[in-house]
Amino acid sequence: MLNQMTIPQKLSIKHGSGKKVMMHGVLMIYTFIALFPIFVIIINAFKTRKAIFKDPLALPTPDTFSMVGFEQVLLRSEFELFFANSMVVTLLSLFFVLLLGAMVAFALTEYKFRGNLFIAILFAMGIMIPIRLGTVSILNLMSNLNLVNTLTALVLVYIAQGLPLAVYILSEFIRQIPKELKEAARCDNVSEYKIFFTIVLPLIRPALATVAVFTMIPIWNDLWFPLILAPGEGNQTITLGVQQFIGQYVTDWNSVLAALTLAIVPVLVLYLIFSRQLIRGLTSGAVK
């Protein structure tokens, strides 16, 4: 079969194979760059302070292995409280971003009404304009509402931060749902709420998983808003709580690296749970 092919066809196959190899090479390099800092954090979290500074890229050995960082974090700090606060803020924000984002996307794509385009433009502006530019106004608003030093303030800010991208991604997926499904349900006198929850939501699960991952990571890793809106005792998140191990003159690197290692776990668990749906979401309508 290969001998019967023309020279242009053979050159096209070789060109396609070379392009594929080059693409995989670029992706491998990017993967290495992205995972290398995480690798360095994890291996140094299990080493003594002296070994960290002597050779930070070396793997732990029986002589350099140490759990002192994890002992400091778990026994001499309120890490459980920091972790619980981060989980509460992240899960509540994620729930409302997915629910409200899907409802807004359904309304904007399904119904034609005055102001439809204007609302869509507002959400698009929310993607382009960083929310941190409005930090002073947000702080004044939370102060007027008596929400400073509460987890509620963080949840509200993160919902506002995550909604624009959620609406954009979910709208693209909802547009791909055949209209015949929704029209058939309406002919059977099915309510709009039931259509949304029983037909639309199950069909956009890949998009929901994609939005969940892209929304959770910035919230979980954020230091800016916890430092400004909820710096008080009892409301600190993981990223803010870790700062107690960083001093002006001396930094407890064992504890810092151990805390960061523990903070990575929820992100990895979420990815493992939603990995298949995430890949489906990235490779289908979300990027069209």
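The values are calculated or read from the model by the stated rules, or taken from the named source; none is laboratory data. Given the structure is predicted, the values throughout are model-derived calculations rather than measurements. Methodologically, a virtual Cβ is constructed for each residue, glycine included, from the backbone with ideal geometry; neighbour enumeration extends over all protein chains shown.
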Worksheet item: When both residues are 6+ apart or on different chains and their Cβ atoms are under 8 Å apart, which pairs have a first residue that lies in the range 225-240 and is at positive phi, and a second that is surrounded by fewer than 21 Cβ atoms within 10 Å (Cβ to Cβ)?
Response: Gly234/Leu81
Discussion item. Can you find, within the range 57-94, the residue that is nearest to Val211 (Cα to Cα) among those that are among the aromatic types (Phe, Trp, Tyr) and surrounded by 15 or more Cβ atoms within 10 Å (Cβ to Cβ)?
Written reply: Phe83
Fill in: Residues of the range 44-54 satisfying the condition of being surrounded by 12 or more Cβ atoms within 10 Å (Cβ to Cβ) and among the charged types (D, E, K, R)
Lys47, Arg49
Item to complete: Say whether the condition of being farther than 28 Å from Glu172 by Cα, β-branched (Val, Ile, Thr), at pLDDT 80 or above and in contact with a Pro (Cβ under 6 Å, 6 or more places away or on another chain) is met by at least one residue in the range 231-250.
Response: yes
Worksheet item: part of a helix (DSSP H, G or I), outside the structural domain of Tyr193 (by TED's automatic domain parsing), modelled with pLDDT under 90 and hydrophobic (A, V, I, L, M, F, W, C), is that true of Leu122?
Response: no
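Per-residue answers, yes or no, for (1) more than 22 Å from Leu75 (Cα to Cα); (2) basic (Lys, Arg):
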{"site": "Pro164", "(1), (2)": "yes, no"}
{"site": "Lys194", "(1), (2)": "yes, yes"}
{"site": "Thr198", "(1), (2)": "yes, no"}
{"site": "Val213", "(1), (2)": "yes, no"}
{"site": "Thr239", "(1), (2)": "no, no"}
Item to complete: Name the one entry in Phe196, Phe214 that is aromatic (Phe, Trp, Tyr) and farther than 30 Å from Ile43 by Cβ.
Response: Phe196
Worksheet, complete the sentence: By my count, helices (runs of 4 or more DSSP H) wholly in the range 146-242 with at least 3 residues that are under 23 Å from Met125 (Cα atoms) and β-branched (Val, Ile, Thr) are 151-174, 205-221
